[in-house]
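Report on the structure given below.
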Amino acid sequence: MNGGEVMNENIWFDDVEQFLVCPRRYCIEKTSRNYERIPDEQKTRELMKLKFSIEKPVISADLFGNTLISSPDAIVPHGEMWKILMKKTAKRFKKKYLLEAAFHGYVFSSNGYIISQVIVESPYFRASIDWKEGIPHLFSVIENIVYSQMDDPPVPKPVSQCKTCRHVLECTKILVKEGSLLAIHGLNSKLKMKLIEQGVTDLPDILSKDIDYISIDTVEKLRKKVTALLEDKVLVISQYDRLEEGVFLDIESHPLKDFDYLFGVLVDDKYIPYLCESIEDEYRVFGELLDFLDRTSGPIYHYCPYEPSRFSSLVNRWSDLGTVYRKIKTRFVDVYQILVKHIALPLFTYSLKSVARFLGYQWRTNLDGLRASRYYQLWLSTRDQEYLDILLEYNEDDTRATKLVVEKLNYFRNQKVIYR
């Protein structure tokens, strides 16, 4: 895209959030997002004609030559008008909710539906928003999105979304080229300040300067991480045992409903999805999963502590499943913890998607956890098999990526020469 040329885009509110968090990622992915299929709006329109309350309605409207797609948590009749519901899990009201309210309010009102108010509901608070107050900010943000240039994206800045971003390798290389300390995985602000106070302001300084007031082990680990970054290689920090054959597990959860809707298992290279077709299915599906895992052997590999924490929560909810859970809980193995303790990679984030992509794995979809939840919700409301197929591909890829990391860990441990 050159100069002032503007291309038509489909923009959801999570795209707006992504632009605000990381405009670089938004700019880079601008073209591919344009081809995302828009859900059929006809069902929403028909139900609204009948004055029915609707969960996850879908309506679109144009703004600055682009298509805004609104899909709030619910819309309910309010006399001759409508109320939009936004469900959250936060403990406090956030300023960004006004922008989101303006987004949904603008799209529905542009279709002739009068929106009286937008309600934000959380387990901790309930607030009513006058969505029109957020319109000036919304228009400004959408205008910036529309005219953002793909050929000159902003410089990288590590943020939480980097964990799922497929551009991490490229962004790491840019940070390394600049010598930025932001390229070092796990470098917290306190440790960073200690380095800066000693005149250590870039990556080469960590290798060339004496560093005091930090433990020898920490300094040595930092130097190996910096060497890995500067030389684009993998270094073994310390030795570890070989990882046995086992089972690979990945869970997809609905962030608003505290609901685990998909448990993906990879065993003997076969992917098995345990899928809930409604929230009422969670008990039955989780019980079937526990029984299946109890019939397998070897470690149950997962990446980061999310899976065992969810198992514990579900067993606390359904104590009758505790007997089987206690039989398998000692088999859980966190691949991430092994990796960060023993391996230095040329990456600023060691998330599953970053590490597996670095090792050569390619996801078949552009989903992340949030978008996967949206596809699940769309599948529930439409029963369109395409949404479910994409969701299952995404979850299967997570299990296979975890398996690849385990295989590479077994490979690295025997290498005396640095790997790339």
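The values are calculated or read from the model by the stated rules, or taken from the named source; none is laboratory data. Since the model is a prediction, treat every value here as computed from it, not as a measurement. Reconstructed Cβ throughout: ideal geometry from the backbone, glycine too, with neighbour counts over all protein chains shown. Please note that ligands, DNA and RNA were not included when accessible areas were found on the heavy atoms of the full protein model with its side chains. Shrake-Rupley method; radii C 1.70, N 1.55, O 1.52, S 1.80 Å.
Can you figure out the FRET efficiency of Glu277 with Cys304, using R₀ = 45 Å and their beta-carbon distance, to the nearest 0.05?
For R0 = 45 Å, the calculated efficiency reads 0.95.
Over the alpha-carbon set of the stretch 83-153, divide Rg by the Kirkwood Rh and report the Rg/Rh ratio to two decimals.
So for the stretch 83-153, dividing Rg by the Kirkwood Rh gives 1.06.
Could you work out which residue, out of Lys163, Lys88, Lys96, moves most in a Gaussian network model of the chain, that is, has the largest mean-square fluctuation with Cα springs under 10 Å?
Largest GNM mean-square fluctuation: Lys96.
Match the structure shown to one of the listed values (i) 1.01; (ii) 1.09; (iii) 0.94 of Cα Rg over 2.2 N^0.38 Å, computed from it, and give that label.
(ii)
Run down the aspartates and glutamates and flag those whose C-alpha is under 12 Å from the C-alpha of Lys30, throwing out any fewer than 8 positions away in its chain.
Within reach: Glu9, Asp15, Asp151.
Please state the shape class of the stretch 321-396: rounded when a/c is under 1.5, otherwise prolate if a/b exceeds b/c and oblate if not, all from the C-alpha gyration tensor.
Oblate shape, in that a/c is at least 1.5 and b/c is the bigger or equal ratio.
Would you mind getting me the FRET efficiency between Asn188 and Asn366? Use the beta-carbon distance for r and R0 = 30 Å, nearest 0.05.
Taking R0 as 30 Å, the efficiency between Asn188 and Asn366 is 0.45.
Report ³J(HN,Hα) in whole Hz for each residue of the stretch 269-283, in order, from the Karplus equation J = 6.51 cos²θ - 1.76 cosθ + 1.60 where θ = phi - 60°; Gly and Pro get x.
Karplus values, whole Hz, x for Gly and Pro: 6, 10, 8, 10, x, 9, 10, 8, 8, 6, 5, 5, 7, 4, 4.
Using helices alone, I'd like the mean residue ellipticity at 222 nm for the chain: each DSSP H run of four-plus residues gives -39500 (n - 2.57), total over residue count, nearest 500.
-13500 deg cm²/dmol
With every protein chain left in place, what is the accessible area of Asp241 in Å² (1.4 Å probe, nearest 10)?
In the full protein context, Asp241 sits at about 130 Å².
Check Ala74: other-chain or 5+ apart residues with amide H under 5 Å from its amide H, H built from backbone geometry?
Residues meeting the criterion, in which the H sits 1.01 Å from N, are Lys56, Leu85.
Could you give me D for the stretch 152-195, from Stokes-Einstein at 25 °C and 0.890 mPa s, where the hydrodynamic radius is the Kirkwood radius over C-alpha pairs? Units µm² s⁻¹, please.
Reported coefficient: 216 µm²/s.
For Ser253, what charge total do you get from the other residues with a beta carbon under 9 Å from its beta carbon, if Lys and Arg give +1 and Asp and Glu give -1?
Here the count lands on -1.
Who wins for biggest fluctuation among Phe139, Phe311, Phe292 in a Gaussian network model of the chain, springs between alpha carbons below 10 Å?
Among Phe139, Phe311, Phe292, the largest GNM mean-square fluctuation belongs to Phe292.
Compute the signed sum of charges (Lys and Arg +1, Asp and Glu -1) over the other residues within less than 9 Å, Cβ to Cβ, of Ile119.
+1
What percent does the relative contact order of the stretch 343-420 come to when contacts are Cα pairs within less than 8 Å and at least six residues apart?
35 percent
So what's the angle, to the nearest 10 degrees on a 0 to 90 scale, between helix 96-110 and the longest Cα principal axis of the chain?
For helix 96-110, the angle is close to 40 degrees.
Looking at the chain as a GNM with Cα springs under 10 Å, which of Tyr283, Tyr26, Tyr106 has the largest mean-square fluctuation?
Greatest mean-square fluctuation among the candidates belongs to Tyr283.
Could you please report the charge total around Ser208, scoring K, R as +1 and D, E as -1 over all other residues with beta-carbon less than 12 angstrom from its beta-carbon?
In short, -1.
Quick one: Karplus J couplings for the stretch 63-77, per residue in order, coefficients 6.51, -1.76, 1.60, θ = phi - 60°, nearest Hz, x for Gly and Pro?
Those phi angles translate into 8, 6, x, 10, 9, 8, 10, 9, 9, x, 5, 6, 9, 10, x Hz.
Between Gln415 and His342, what is the label-to-label distance in nm when each label sits 7 Å out along the Cα-to-Cβ direction?
The modelled label-to-label distance comes out at 1.4 nm.
If R₀ is 45 angstrom, what is the calculated FRET efficiency for the pair Lys329 and Val21, using the beta carbon separation as r and rounding to 0.05?
0.80
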